[in-house]
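Student: Here's a structure for you.
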Amino acid sequence: MNTERLAARRPSRRTVLKAGGAAALAASAATTLAGPAHAAEDGTDSVPLDFIVVGAGFAGVTAARELRARGYRVTILEARGRIGGRTWTDTFAGQQVEIGGTWVEATQPNIGRELQRYKLELETDEPLDRMMLPTPAGPKVFTPDDGNARMGAVMSKLFDGSRQYFEKPFQPLARPDLLQKLDKLSLRDRFTELKLSPEEEMLFNGQTAIYSGGSSTQGALTMFAQWWALCGWNVDGWANTTCFRFKTGSVSLLSAMLAEAKPTLMLNTPVTAITDDGKWARVTTKSGKTYSARGVVVALPVNAWNTIKFSPGLPAAHTAATTQGIAVKNAVKLWIHAKGGQGRVYGQAAEGGSPIPLIIPNKKTAEGQLYIGFSVDPALDPNNVTQVRDAVRKLGVDLDIIGIRAHNWGADEWARGGWAFRKPGQLTSLYPDVLNQATSRITFASGDIAAGWSGFIDGAIESGMRAAQLAAGEM
């Protein structure tokens, strides 16, 4: 971005005429924040806003905070009646739960920094009692140490060479000479190439299938290999990615960010069109209201970019990304409340072995135990106790289910998918442009396009920071 664009975005010297009213953030968290209100005429051509951020997930709230820190006036337009995007702190079975993104860890650089900044704590669950893993003879009980060691051995083979092609895991394009061929491979291609025994492959192909969206043919080898590299190329690091979570919920970090930055936050305000007319960026909401601003940060999931009409149209790489999709489109997350008979058991199926191929024990309750389950099977009714119980039984786990809380992120109007998982070829064909490109007044932020922890909260924060730098003309 040039210096003229940056100069055009100097903060307004207008005096804020009144303190903003409190905005309800998330009913489940009972959190209320006050932000500065703009004068009634702000957002018009005569008094344009500095920046509009579309989306109040971690990427959008981070971008808003970073732009506010640079002195800009920022308004966040959020389609939902809550903050968080694909994270969502709520309650179920008398416990605080995360309906969306859950796990973080202090070794993730952006999370570690935010934990220190706001003095937030993490918590973890009790250790596993046992693991139920698939074998050619059916589900088998393993000790956690034995099960993780066996899976770690398979992962080490699967991602052998990643110390070279992802020698700098936070700079995924650092070795294009090695990536061009590898990025074309699916995880299924890699399994075939290695000629693993059925026993070896079954230990891990359930994970590669669920993360990919239902089949290992859909997910890129390089996506999982980058996660493996970010974890330190070892199974203990990988196990830690589903171990720690915010003690006071993911919403506590979002609330702290908003309380510091005090942007204007407008909930229940879906955006339908964004126009860059060469002078201003104009953002039109579903209600028909149009706001003028010097710049816009689009902080939506990549799959949802095509829900907005852009004029001029999106750049080619962005069009390809939202057309192809990056987040898994049929992603469902389930919280299963069961009586305590099975204890802290981890269950995993082989690829195609169950509509719910993965369950992870979470918190204890007065009545029993909570488990987190994942599905990408469109035929599963995640609220049907019988279907869920039968699916879990295929893992070798017989749960006496008391209740279920499920959310279909693929059917979510404002998400259109769950966790991010790149397809073969997307890293080398799309990311150079999508990561670094902004139009003259429109910038993009999403955990889907993070350079590092794509698909994690850390990646969303990273992307929001990067977008703020791009928008402010600092990159």
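The values are calculated or read from the model by the stated rules, or taken from the named source; none is laboratory data. If you're wondering where the values come from, they're calculated on a predicted model, not measured in any experiment. Here the Cβ is made from the backbone with ideal geometry for all residues, glycine too, and neighbour counts use every protein chain on show. For accessibility, only protein heavy atoms count, side chains too; no ligands or nucleic acids. Shrake-Rupley method; radii C 1.70, N 1.55, O 1.52, S 1.80 Å.
Student: Those residues that are open to solvent by less than 60 Å² (accessible area, probe 1.4 Å) and either part of a helix (DSSP H, G or I) or over 26 Å from ALA349 (Cβ atoms) (or both), I need them from the range 157-169; list them, please. Before you say what the answer is, go through the steps one by one.
Tutor: Initial filter on the range 157-169 (open to solvent by less than 60 Å² (accessible area, probe 1.4 Å)): 158-159, 161-162, 165-166, 169.
Of everything in the range 157-169, those that are open to solvent by less than 60 Å² (accessible area, probe 1.4 Å) and either part of a helix (DSSP H, G or I) or over 26 Å from ALA349 (Cβ atoms) (or both) turn out to be LEU158, GLY161, SER162, TYR165, PHE166, PRO169.
Student: Let me ask something additional. Just give me the residues in the range 454-474 being assigned to a loop (DSSP other than H, G, I, E, B) and either within 16 Å of HIS318 (Cβ to Cβ) or within 9 Å of the chain's Cα centre (by Cα) (or both), in sequence order.
Tutor: Filtering the range 454-474 for residues assigned to a loop (DSSP other than H, G, I, E, B) gives 454-456, 472-474.
Result: SER454, GLY455, PHE456.
Student: Need pairs with beta-carbon distance below 9 Å; first residue buried (at least 18 other Cβ atoms within 10 Å of the Cβ) and within the range 386-403, second part of a helix (DSSP H, G or I) and of a type in the set (A, V, I, L, M); sequence gap 6+ or separate chains.
Tutor: LEU399/VAL388; LEU399/VAL392
Student: Can you work out which of the residues in the range 411-441 that are buried (at least 20 other Cβ atoms within 10 Å of the Cβ) and in contact with a Lys or Arg (Cβ under 6 Å, 6 or more places away or on another chain) is farthest from ILE274 (Cα to Cα)?
Tutor: Looking at the filtered set, the residue picked out is PRO424.
Student: Among the residues of the range 399-427, count how many are more than 21 Å from THR319 (Cβ to Cβ), aliphatic (A, V, I, L, M) and not in a strand (DSSP E or B).
Tutor: Qualifying residue count for the region: 2.
Student: Tell me the strands (runs of 3 or more DSSP E) entirely within the range 320-374 that contain at least 3 residues that are among the hydrophobic types (A, V, I, L, M, F, W, C) and farther than 18 Å from ASP448 by Cβ. Show your work before the answer.
Tutor: Working: elements: 332-339, 345-348, 358-364.
Strands (runs of 3 or more DSSP E) meeting the threshold: 332-339, 358-364.
Student: Quick check on my filter: what residues within the range 108-147 are modelled with pLDDT of 95 or more, polar (S, T, N, Q) and either more than 20 Å from VAL61 (Cα to Cα) or open to solvent by less than 20 Å² (accessible area, probe 1.4 Å) (or both)?
Tutor: GLN108, ASN110, THR135, THR143
Student: Applying the selection to the range 375-394, what residues are part of a helix (DSSP H, G or I) and within 30 Å of LYS247 (Cβ to Cβ)? Can you show your working first?
Tutor: Initially, the range 375-394 is screened for residues part of a helix (DSSP H, G or I), giving 385-393.
Across the range 375-394, the qualifying residues are VAL388, VAL392.
Student: Follow-up. What's the number of the only condition in (1) closer than 18 Å to ALA450 by Cβ; (2) open to solvent by less than 30 Å² (accessible area, probe 1.4 Å) that TYR211 fails to meet?
Tutor: So the condition that TYR211 fails would be (2).
Student: Which condition number does LEU179 fail, the rest of (1) more than 30 Å from LYS247 (Cα to Cα); (2) open to solvent by 60 Å² or more (accessible area, probe 1.4 Å) being met?
Tutor: In the conditions (1) more than 30 Å from LYS247 (Cα to Cα); (2) open to solvent by 60 Å² or more (accessible area, probe 1.4 Å), LEU179 misses (2) alone.
Student: Continuing with the same structure: Of the residues LEU185, LEU203, LEU196, LEU230, which is in contact (Cβ under 8 Å) with a residue 12 or more places away in the chain, over 22 Å from the mean Cα position of the chain (by Cα) and under 21 Å from ALA451 (Cα atoms)?
Tutor: On the way: LEU203 fails: under 21 Å from ALA451 (Cα atoms); LEU196 fails: under 21 Å from ALA451 (Cα atoms); LEU230 fails: over 22 Å from the mean Cα position of the chain (by Cα).
One residue alone meets the criteria, LEU185.
Student: Would it be correct to say that LYS363 is in contact with a Leu (Cβ under 6 Å, 6 or more places away or on another chain) and charged (D, E, K, R)? Quick ask: steps written out before the conclusion?
Tutor: Numbers: in contact with a Leu (Cβ under 6 Å, 6 or more places away or on another chain): yes; charged (D, E, K, R): yes.
So LYS363 fits the description; yes.
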